[in-house]
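Nothing in this text is a laboratory measurement; each read-out follows from the coordinates by a stated rule. The structure presented is a predicted model; accordingly, all values stated were derived computationally and were not measured.
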Amino acid sequence: MAKKKAAAYRRTRKDHSTEIREDYVEAIAHFLRDAGSCHVSDLAAHFGVSHATASKTVSRLRRDGLVTHEPYRPVGLTARGRRIAEEARERHELVLRFLRAIGVSPAVAEVDAEGLEHHLSPETLACLARIARGVRPTS
């Protein structure tokens, strides 16, 4: 029992460790798609953090090979960053569709999906997808 519990906590810690990077690359992809460019100031405003915090996060993402960025220039995504952003977006949309399908209001579903998308296993996501396909959202 203790080993199973420890494994669950390890997975939760791992999920938390990737949450910020997934949120950032997903947001960068959104800005690139909708505005054509993404600046650190865009990310700071989007996440409600200081420019310094957003800049440090972008630096870590650059170090990890997920973004391209030079000072005073827009932020771009590497192929790996684009893949992670797309996977995060797909998970977010799936969780959002599921929450709407079970009757959660649009505003609450959006907020809840933002947290849940990082912590659900592939098995759970597959089950949510089956349910979301078979049930229409309520208004």
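Listing for the model above:
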quantity: Rg/Rh ratio calculated on Cα atoms of region 8-134 (Kirkwood radius); calculated: 1.00
quantity: Helix-only mean residue ellipticity at 222 nm for the chain, each DSSP H run of n ≥ 4 adding -39500 (n - 2.57), per residue, nearest 500; calculated: -24500 deg cm²/dmol
